[in-house]
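Here is the structure we will look at.
The values are calculated or read from the model by the stated rules, or taken from the named source; none is laboratory data. These numbers were taken from a predicted model, which means no experiment stands behind them. Neighbour counts run over all protein chains shown; Cβ positions are idealised from the backbone, glycine included. SASA here: full protein model, heavy atoms, side chains in, ligands and nucleic acids out. Shrake-Rupley method; radii C 1.70, N 1.55, O 1.52, S 1.80 Å.
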Amino acid sequence: MARRRAASGDAPVCHVVGAGLAGLAAACRLASAGMRVRLYEAAPQAGGRCRSLPDQRFGTAIDNGAHVLMTGNRAALSFLRGIGAPSTALAPLDALEFRDLGDGSAWRIRPAGESAAWMLGRGLSIPGVPRGRLLWEGLRLLSARAGSRAGERLSPGGLAWRRLWRPFLKTVFNAEAAEVSAPHAAAVLKRLLSEGAASGRVLLAARPWSEIAAEPAVACLRRAGAEIAFGSPLLALERGEGRARRLIFRNRAVDAGRDPVILAVPNAAARRLCPDLVPALPHAPILNLHFETPEDLGLGFRCPVGGLVDAVFWRGPVVSVTIGGATGDGDAEALAAAAWAEAAAVLPRPPSLTPPPWRRIVEKRATVAATPEAFALRPGTATPEANLFLAGDWTATGLPSTIEGAVVSGRTAAEAALAAGTQ
Ligand SMILES: Cc1cc2nc3c(=O)[nH]c(=O)nc-3n(C[C@H](O)[C@H](O)[C@H](O)COP(=O)(O)OP(=O)(O)OC[C@H]3O[C@@H](n4cnc5c(N)ncnc54)[C@H](O)[C@@H]3O)c2cc1C
């Protein structure tokens, strides 16, 4: 992509609406195929739900929420390579570390080798949970039928649930673990754990996410001659005679003619634009508390188990604490104190129990619900309009609402637009 020449003036045009990772992935694929891309984004910057914000008080950029990838997220990693993301931007974790806040026991999950065999060795050893039980439950999950929930295939309440299944399902799907669609959980489990370190290692963002994804993607698109309009919310999409015809923005309207249009906006925005094509999907929130510590802690990630907090990520002096499903209603100071106490229990150097300065970011519609019903509602890429395609982490990728899902959706929409553009 980075070495592609700019699209020629008579190349076909594709309109991409939304510059989150789905829209950026779609736009980059189209530009690399020689299409002229016009990208429209409501916000003043790209990145959508995976973005960084300058923070005056912290004196550094912080991410809206801690985002991690896995080595098995092939589409996302290939997208990042294609846009020339800095090669040192993602740091692999040798092992994922957990600590049970109940009794203080700690363990590590360390995928190794190139097959699922690592699960039979020391890489999967959880205190108080026989490995045979984990493997048996894993096999039960893998054989789940369509429509079933993780809570029906596993045993909520036991130690295996508390120490492995619940944290795994909650972190990957940002959902109440027992409610997660079992076949989708099985697909993720298989994909992430079956190739050892090649798929199961966690990758941490060593830099703010905007520097890893959004900014290199925008630079890459500009080099390829794409026109990018920030601060341009699409207000309406006129359709007729089996196609998307006009894109209406605040100060102008753009005729689509027969050009492909990719709608890569969040589910709620897509539904406002095309209520007959897009179902309203239930979403779940994520709350992040970012604490500024007096010292540089380096880079790390740990999962406390049995409390409020799902994950603790630190980069330099900023410790980011993730609480899935929370909106932060209620006493903010009390929540910050409780979250900091849990974070302090897993940080490498035990800090003072008094919370350092903090900032709270709530994403009310962070991810699409992961129940069987919500997965069944998710629409595919194609629409009844010949030149209109849907993208976004809420479309039917089969994946949870993640960076990988967003990139897969964008690339799928781009392939469909390319096919439509050549007909
Ligand atoms: C706090 C948090 C933590 C997360 N953690 C992880 C993680 O650890 N790992 C992981 O893989 N995923 C994680 N995710 C999920 C991941 O961020 C999303 O799945 C992904 O970024 C979604 O990308 P998208 O392009 O589908 O949608 P979005 O990022 O929502 O992009 C849609 C874009 O469309 C724009 N837009 C909206 N309306 C209009 C309009 N009318 N006209 C023009 N533009 C419009 C928006 O401004 C936005 O830029 C997390 C999400 C959150 C919120």
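Ranking 396, 235, 203 by how far each Cα lies toward the positive end of the dipole of the chain (charges on Cβ) leaves 396 at the top. Listed peptides 87-96, 401-410 appear in the order 401-410, 87-96 once ranked by packing, highest mean of other Cβ atoms within 10 Å at the front. Taken over the Cα atoms of region 283-368, the convex hull encloses 88 Å³ per residue.
Of the accessible area of region 34-178, computed with a 1.4 Å probe over protein heavy atoms only, carbon and sulfur atoms account for 54 percent. Sorting 275-285, 216-226 by their mean Cβ neighbour count within 10 Å, with the most densely packed peptide first, gives 216-226, 275-285. Under the simplified labelling scheme, the residue 235-residue 272 pair shows an inter-label distance of 1.2 nm, with each label point 7 Å from Cα along Cα→Cβ. For a test of the definition: using alpha carbon positions, the gyration tensor, and the 1.5 limit on a/c, classify region 85-137 as rounded, prolate or oblate. The shape class here is oblate. The modelled label-to-label distance for the pair residue 57/residue 296, using points 7 Å beyond Cα in the direction of Cβ, is 2.3 nm. Gyration tensor over the Cα atoms of the chain: the corresponding equivalent ellipsoid has semi-axes (square roots of 5 times the eigenvalues, largest first) of 37, 24, 20 Å.
Mean sequence separation of contacting Cα pairs (under 8 Å, at least six apart), scaled by the length of region 106-200, corresponds to a relative contact order of 37 percent.
Evaluated with a Cβ-only charge set (Lys, Arg +1; Asp, Glu -1), the chain carries a dipole of roughly 860 debye about its Cα centre, given to the nearest 20.
By accessible area, using a 1.4 Å probe on protein heavy atoms only, region 283-368 has 55% of its surface on carbon and sulfur. Considering region 212-299, its Cα convex hull presents a mean projected area of 9.8 nm². Each of 148, 107, 96 was scored by the projection of its Cα onto the charge dipole of region 89-161, and the greatest displacement toward the positive side belongs to 148; charges sit on the C-beta of Lys, Arg, Asp and Glu. With all protein chains kept in place, the per residue accessible area of region 1-134 amounts to 45 square angstrom at a probe of 1.4 angstrom.
Counting only DSSP beta bridges with both residues in the chain, what percent are antiparallel, rounded to the nearest 5? In the chain, DSSP labels about 75 percent of beta bridges as antiparallel. Protein heavy-atom accessible surface, 1.4 Å probe, per residue over region 354-406: 36 Å². Site pair residue 415 and residue 382 shows an inter-label distance of 1.3 nm when each label is modelled 7 Å from Cα along Cα→Cβ.
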